[in-house]
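In what follows, a structure is listed as structure tokens, so that the remarks can point back to it.
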Amino acid sequence: MSQSSNKAERIRSLALFRTASDTAVEHLSSAIDEVSIDAGTTVINQGRRHTEGFAVSEGTAEVLVDGEVV
């Protein structure tokens, strides 16, 4: 199995993209960078402008708003 088809399968496994068309998943697959983040790493800071989006395909993430877990 190719790396791009593996990426497409991981994208399709996310609830947000389960019903996306094959064309949409193909576009996402070519546009998305996969990264591994160490536990405890801050990825986005509240109040700052960001242009990225994130989806967690393995593990968990904790989201805080005004210092409180939501």
Inter-centroid distance (Cα atoms) of region 4-30 relative to region 39-65, Å: 21 Å
How large is the accessible surface per residue of the chain, computed with a 1.4 Å probe and reported in Å² as a whole number? 88 Å²
What does the charge count around R10 come to, taking other residues whose C-beta lies under 13 Å from its C-beta (Lys +1, Arg +1, Asp -1, Glu -1)? -1
Through the Karplus equation 6.51 cos²θ - 1.76 cosθ + 1.60, θ set to phi - 60°, convert the phi angles of region 12-29 into ³J(HN,Hα) values in whole Hz; use x for Gly and Pro. 5, 6, 7, 3, 4, 10, 4, 9, 5, 5, 4, 5, 5, 5, 4, 5, 4, 4
Count the net charge of all other residues whose Cβ sits under 12 Å from the Cβ of V43, scoring Lys and Arg as +1 and Asp and Glu as -1. -2
Can you work out D for region 31-70 in µm² s⁻¹ from Stokes-Einstein, where Rh is the Kirkwood radius over C-alpha pairs, the temperature is 4 °C and the viscosity is 1.567 mPa s? 109 µm²/s
Taking the chain as a Gaussian network, Cα atoms linked when under 10 Å apart, which of E52, E26, E34 shows the biggest mean-square fluctuation? E52
Could you calculate the FRET efficiency of V43 with D22 from 1/(1 + (r/R0)^6), where r is the beta carbon distance between them and R0 is 25 Å, rounded to 0.05? 0.30
Normalised Cα Rg of the chain, dividing by 2.2 N^0.38 Å with N its residue count, works out at 1.29
Before anything else, pin down the relative contact order of the chain: Cα pairs under 8 Å, at least 6 apart, normalised by residue count, whole percent. 24 percent
So how much accessible area does S29 have, in Å² to the nearest 10, using a 1.4 Å probe? 20 Å²
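The values are calculated or read from the model by the stated rules, or taken from the named source; none is laboratory data. What you are looking at is a predicted structure, and each value in this text was computed from that prediction instead of being measured. Positions of Cβ are backbone-derived with ideal geometry, glycine not excepted, and every protein chain shown enters the neighbour counts. Side chains are part of the model used for accessible areas, which takes the heavy atoms of the whole protein and leaves out ligands, DNA and RNA. Shrake-Rupley method; radii C 1.70, N 1.55, O 1.52, S 1.80 Å.
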